[in-house]
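Working notes, structure below.
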Amino acid sequence: MKHLLTGALRREDAISLLDAAEDMHEVQDRQLKKLPALRGRTVVNAFFENSTRTRSSFEIAGKWLSADVINVSGSASSVKKGESLRDTVLTLAAMGIDGIVMRHGDSGAAQLAADWLDVSFPSVRVINAGDGAHEHPTQALLDAFALRRRLFGAQSRGRGLDGVRIAIAGDIAHSRVARSNALLLPALGAEVTFVGPPTLLPPGADTWNTTVTTDFDAVLQQPLDALMMLRVQLERQRGAFVPSVGEYIVGWSLTDERRAKLDDDTVIMHPGPMNRGLEISSRAAEGLQSAVLEQVTSGVSLRMAVLYSLIAGEEPQ
Amino acid sequence: MTTIIRGAKILGGETADLLVEDGVIAEIGRVSAEGDEIDAAGLVALPGLVDLHVHFREPGGEQAETVATGSRAAAQGGFTAVFAMANTSPVADSVAVVELVHDLGRRAGLVDVRPIGAVTVGLHGERLAELGLMARSRANVRVFSDDGKCVHDPLLMRRALEYVRPFGGVVAQHAQEPRLTENAVMHESELSGRLGLPGWPSVAEESIIARDALLAEQTDSRVHVCHVSTAGSVDIVRWAKARGISITAEVTPHHLMLTEELLAGYDPLYKVNPPLRRDEDVFALREAVADGTIDIVATDHAPHADEMKRTSFEDAAFGMVGLESALPVVLKTLVEPGHIEIADVARVLSSAPAAIGGLTGYREPLAVGAPANITLVDTADSSVFTTERLAGRSLNSPFLGIELPGRVQHVLHNGYRTVAEGKVVE
């Protein structure tokens, strides 16, 4: 693997990344967390779209690996800004960096950046930290990692998520997290169900490797190993996706009542940032079942594993 | 001035000579006169091609194309007349701008450049532009369009249709319901869902065509549908024609050949509006040309400077250049599979678009007494389409690297040679 652009990974590649993240995770228990693995390497966090958690997570991951980490932020609309996305990416690469972690509001931006770099700067690695409504592969990997640890604990290494039942609920249509998970989790053997308002399911989702439904309560009546709630963005209301916040909550929010009906060992997940009281109640977000903060912690370990394997690792090609 | 074209296959049929005198076709048959000779042995003689839909970007977008460079692209493609869309900057919504474009076309001198006037001021869709004044101007405007934007207000569309009727005008509609296509950049489909790109559903085109057909019936006026892209649109146009409504329709070469699968790598070269659609749409569009439901092929030649395409898919500009590749793509997608004959090319790429646009001199292809607008094509040629074949200012062609049949060898525009041996004559 040269770049990490998508959650569509081969099972063995995904498992080896998750296992590498296990190694990195142990570092988090140490007092001195720095490893020398990427000393002398430079990683640019190029965030063309606002992000606090993903950027911080990558920054910490890079620093714990002793890489020099530079943060660059910019306007997403390059044409308006006067410099094209291509020029920005090539300019950064020309400074002699080893990797670009890229977040962009437009779908496909990381793929295009990788295509451009492969021509001019083939040694530079691209890690997709979220492209529009397309993919967010490190989020899917950290979700898989956190869930695998919850389910299998110390016996996690080498395992997939075979037979694990996961429901992903909310605004699937605009979610890059949902897309990456729909590619990664089934590759690891999991069974994924999408549930949300009919207006927030992407066209053709029924042809993906997932089950698709609008009936949240019916989904919750089936046995579930994990339930992942997605953020709902109220600013999309001009798109007339749901009649009201109240109606959304009645249909698709993980309320206290719905949480009470879940099995005690169903893991509750959320990629953040959470709208408490909208897609998830505060109690559901914070109860013992919740893996929300473990997901955040896992994010650093997983991203260390990704940076390490792409930038320090031998190039298999 | 006398030119003799020797041994051309007239409309792909019988071999004959063409005598051109004083800009007019003087004789077809065995010509014994003397003058400049063009050896057309093996070449097919077609009437000069007419494109009802090009974007020449001048004024305001000269980094992508000018009237002069667009005229070169047109000549290279075998065209002798083009209709230039109004979405320039400033918009061609006034006598001043349409006369400017008209005059720039004359100065370039390679093809007739007929300006299209905007339907609404600034393309804003709020009030009618001065349609009558543009019609009476030196530019003699007969086609009106907000192309790039849809005249979505039904009342304005009705008024425009009513207003242009007395002077034989036509409203060319860019059929795109705006609310159904907010931020849309590709066909809405399983693929758009996977790619996370905002989808442009077929119904956004079809619903406007259905409405406009009914408005044309109501007003007894003429509506022309730009760049039809879906099978459903074809059905609606077919229904409207059967009902006797004055509706005409065009399809672009790229919609006759390319499909949405090309977008999987997010290459903005394939970003176009309306978007590339599915195989079944492509087949329906080809059949619609064959059965006459779609009247013409028009390129929607939309040049863009490099920087407008070398960015993210969502950020990139819509459009593809098409003048130089139009005839080869028509040969490949319509003639080779047997949907139409070579002689029909003279209709869909010349006489029919001229008739819709109110352009004289193209009524009967290659008729004695008509202006000598003649395109000689080597239909036996088949070669990989390269940037060497592009004569305009921009290179955003989706056909580069694809093998296409047919090569324009010579073009006469009003008797003057604008292309010789495949090259534009400066």
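The values are calculated or read from the model by the stated rules, or taken from the named source; none is laboratory data. This is a predicted model, so every value here is computed, not measured. Using ideal geometry, Cβ is built from the backbone for each residue, glycine included, and neighbour counts are taken over all protein chains shown.
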Unique residue being assigned to a helix (DSSP H, G or I), more than 28 Å from A:Thr52 (Cα to Cα), out of contact with any strand residue (DSSP E or B) (no Cβ under 8 Å at 6 or more places or on another chain) and modelled with pLDDT of 95 or more when the list is A:Gly251, A:Gly299: A:Gly251
Restricting to segment A:198-220, what's the tally of residues that are away from every other protein chain (no Cβ under 14 Å) and in contact (Cβ under 8 Å) with a residue 40 or more places away in the chain? 4
Yes or no: segment B:191-198 includes at least one residue that is over 18 Å from A:Glu135 (Cβ atoms), among the charged types (D, E, K, R) and in the same structural domain as B:Thr248 (by TED's automatic domain parsing). no
Wholly within segment A:47-139, strands (runs of 3 or more DSSP E) carrying at least 3 residues that are on the phi < 0 side of the Ramachandran plot, within 14 Å of chain B (Cβ to nearest Cβ) and buried (at least 19 other Cβ atoms within 10 Å of the Cβ): A:99-104, A:125-131
Given the criterion more than 15 Å from the chain's Cα centre (by Cα) and at pLDDT below 95, identify the matching residue among B:Pro365, B:Pro371. B:Pro365
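Does segment B:201-220 include one or more residues that are in a loop (DSSP other than H, G, I, E, B), more than 14 Å from every other protein chain (Cβ to nearest Cβ) and in contact (Cβ under 8 Å) with a residue 40 or more places away in the chain? Can you show your working first?
Kept after step one, since they are in a loop (DSSP other than H, G, I, E, B), are these residues of segment B:201-220: B:201, B:220.
This time we only want the ones that are more than 14 Å from every other protein chain (Cβ to nearest Cβ), so: B:220.
Narrowing the set further to residues that are in contact (Cβ under 8 Å) with a residue 40 or more places away in the chain leaves B:220.
Yes: one or more hits.
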Residue satisfying all of: in segment B:212-245; touching a strand residue (DSSP E or B) at 6+ places or on another chain (Cβ under 7 Å) and either of a type in the set (Ser, Thr, Tyr) or not assigned by TED's automatic domain parsing to the domain that holds B:Pro337 (or both); surrounded by the fewest Cβ atoms within 10 Å (Cβ to Cβ) among these: B:Thr230
From the list B:Ala81, B:Ala118, B:Ala92, exactly one residue is buried (at least 22 other Cβ atoms within 10 Å of the Cβ), more than 17 Å from B:Thr299 (Cα to Cα), of a type in the set (Gly, Ala, Ser) and touching a strand residue (DSSP E or B) at 6+ places or on another chain (Cβ under 6 Å). Which is it? B:Ala92
It is to be established whether one or more residues within segment A:179-197 are over 18 Å from the mean Cα position of the chain (by Cα), at pLDDT 95 or above and within 14 Å of chain B (Cβ to nearest Cβ). yes
Going through segment A:231-248 in order, the residues found to be assigned to a helix (DSSP H, G or I), free of Cβ contacts under 8 Å to residues at least 60 places away in the same chain and within 16 Å of A:Gly196 (Cα to Cα) are A:Leu234, A:Gln237, A:Gly239, A:Val245, A:Gly246, A:Glu247, A:Tyr248
Exception for A:Met228 within (1) outside any helix (DSSP H, G or I); (2) in contact with a Ser or Thr (Cβ under 8 Å, 6 or more places away or on another chain) falls at (2)
Could you list, in sequence order, the residues of segment B:340-359 that are part of a helix (DSSP H, G or I) and among the small types (Gly, Ala, Ser)? B:Ala343, B:Ala346, B:Ser350, B:Ser351, B:Ala352, B:Ala354, B:Ala355, B:Gly357
So which of B:Thr120, B:Thr181 is under 24 Å from the mean Cα position of the chain (by Cα), within 14 Å of chain A (Cβ to nearest Cβ) and free of Cβ contacts under 8 Å to residues at least 60 places away in the same chain? B:Thr181
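Could you list all residues from segment B:225-270 that are assigned to a strand (DSSP E or B) and more than 18 Å from the chain's Cα centre (by Cα)?
B:Thr259
Every residue, every condition in (1) of a type outside the set (Gly, Ala, Ser); (2) touching a residue at least 60 places away in the same chain (Cβ under 8 Å); (3) under 30 Å from B:Gly13 (Cβ atoms); (4) not in a strand (DSSP E or B), yes or no:
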site	(1), (2), (3), (4)
B:Val50	yes, yes, yes, no
B:Glu65	yes, yes, no, yes
B:Thr69	yes, yes, no, yes
B:Ala73	no, yes, yes, yes
B:Ser89	no, no, no, yes
B:Asp93	yes, no, no, yes
B:Val97	yes, no, no, yes
B:Val101	yes, no, no, yes
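Quick grid of which residues meet (1) out of contact with any Leu (no Cβ under 8 Å at 6 or more places or on another chain); (2) surrounded by 24 or more Cβ atoms within 10 Å (Cβ to Cβ); (3) aliphatic (A, V, I, L, M):
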site: B:Leu156; (1), (2), (3): no, no, yes
site: B:Val164; (1), (2), (3): no, yes, yes
site: B:His174; (1), (2), (3): yes, yes, no
site: B:Leu180; (1), (2), (3): yes, no, yes
site: B:His187; (1), (2), (3): no, yes, no
Residues to consider are A:Asp19, A:Asp23; find the one that is closer than 23 Å to A:Gly160 by Cβ and surrounded by fewer than 15 Cβ atoms within 10 Å (Cβ to Cβ). A:Asp23
Restricting to segment B:386-426, name every residue that is part of a loop (DSSP other than H, G, I, E, B), within 19 Å of the chain's Cα centre (by Cα) and buried (at least 18 other Cβ atoms within 10 Å of the Cβ). B:Leu390, B:Ala391, B:Gly392, B:Arg393, B:Ser394, B:Asn396, B:Ser397, B:Pro398, B:Phe399
Condition check for A:Arg150: on the phi < 0 side of the Ramachandran plot, assigned to a helix (DSSP H, G or I) and in contact (Cβ under 8 Å) with a residue 12 or more places away in the chain: yes
Can you tell me how many residues within segment B:298-353 are within 13 Å of chain A (Cβ to nearest Cβ) and among the aliphatic types (A, V, I, L, M)? 4
Those residues of segment A:106-117 that are out of contact with any strand residue (DSSP E or B) (no Cβ under 6 Å at 6 or more places or on another chain) and in contact (Cβ under 8 Å) with a residue 60 or more places away in the chain come to a total of 1
Only one of these is closer than 20 Å to A:Gln111 by Cα and in contact with an Asp or Glu (Cβ under 6 Å, 6 or more places away or on another chain): A:Thr42, A:Thr6. Name it. A:Thr6
